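Worksheet for the structure shown next.
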């Protein structure tokens with residue numbers, strides 16, 4: 001019997017493609033290897049600093065640069081992967097859950113303190129992530145914009161929950177932008193100033209305004 005065209009297409013559409021066991025195992029292995037290489041990259045950053053070369057990263061991982069390029073294409077690809085992991089890690093650890101009984105100045109203080117603490121733990125990783133490599137410029141991957149936008153959107157929701165009906169988005173981005181700018185400067189100057197001094201300055205900046213708005 002000769003199948004007509006529509007019969008052939010119908011037959012092919014009814015065929016179900018099931019994942020091959022070997023390909024599934026290989027994909028799992030590839031993901032695990034990729035995660036291990038990212039962990040090794042972060043170890044290399046902690047050891048050698050943000051300007052670490054690919055040779056040193058590969059040496060820390062006990063492998064070759066070719067293995068890294070196989071998984072990340074180039075240094076810019078590795079940078080993008082480290083950015084994604086770092087942004088997710090920072091955002092997940094920030095105190096952004098609803099706390100309706102906590103005063104807004106306390107919420108902002110806790111946000112700033114946690115952000116500074118996370119950066120203080122890994123300043124080399126932070127410096128690496130916030131320094132976009134030439135090959136990645138213009139591709140839309142800006143970790144600062146990505147992270148501050150995520151935090152700002154969540155903080156705006158918290159502001160609205162505390163009675164900010166207007167300008168919550170602007171105020172949230174102003175707060176997040178100030179925290180980021182101060183932190184960035186703190187890292188760039190070698191974290192000389194005590195963290196408590198920076199937090200006190202941020203409190204002085206935002207507490208009067210937040211208290212006046214929530215009391216109206």
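Nothing in this text is a laboratory measurement; each read-out follows from the coordinates by a stated rule. Quantities reported herein were computed from a predicted structural model and do not represent experimental measurements.
So what is the relative contact order of the chain, in percent, for Cα pairs below 8 Å that sit 6 or more residues apart? Kindly include the intermediate steps, with their values, before the conclusion.
On the way: 145 pairs, mean separation 41.5, N = 216.
This gives 19 percent for the chain.
Compute the acute angle (0 to 90°) between the alpha-carbon long axis of helix 5-14 and the principal axis of greatest extent of the alpha-carbon atoms of the chain; round to the nearest 10°.
Long axis of 5-14 versus the principal axis of the chain: about 50 degrees.
Between the helical axis of 21-48 and the dominant principal axis of the chain, each derived from Cα atoms, what acute angle in degrees is found, rounded to the nearest 10?
Taking the Cα atoms of the chain, the angle to 21-48 is about 40 degrees.
Classify the chain as rounded, prolate or oblate from the Cα gyration tensor: take a ≥ b ≥ c as the square roots of its eigenvalues, call it rounded if a/c is under 1.5, otherwise prolate when a/b beats b/c and oblate if not. Walk me through the intermediate numbers first.
Working: a/c = 3.09, a/b = 1.53, b/c = 2.03.
Oblate, since a/c reaches 1.5 and b/c is not below a/b.
Using the Cα gyration tensor of segment 121-210, with a ≥ b ≥ c the square roots of its eigenvalues, what is the shape: rounded (a/c below 1.5), prolate (a/b larger than b/c) or oblate (neither)? Could you put the intermediate results ahead of the total?
Working: a/c = 3.06, a/b = 1.29, b/c = 2.38.
Here segment 121-210 falls in the oblate category.
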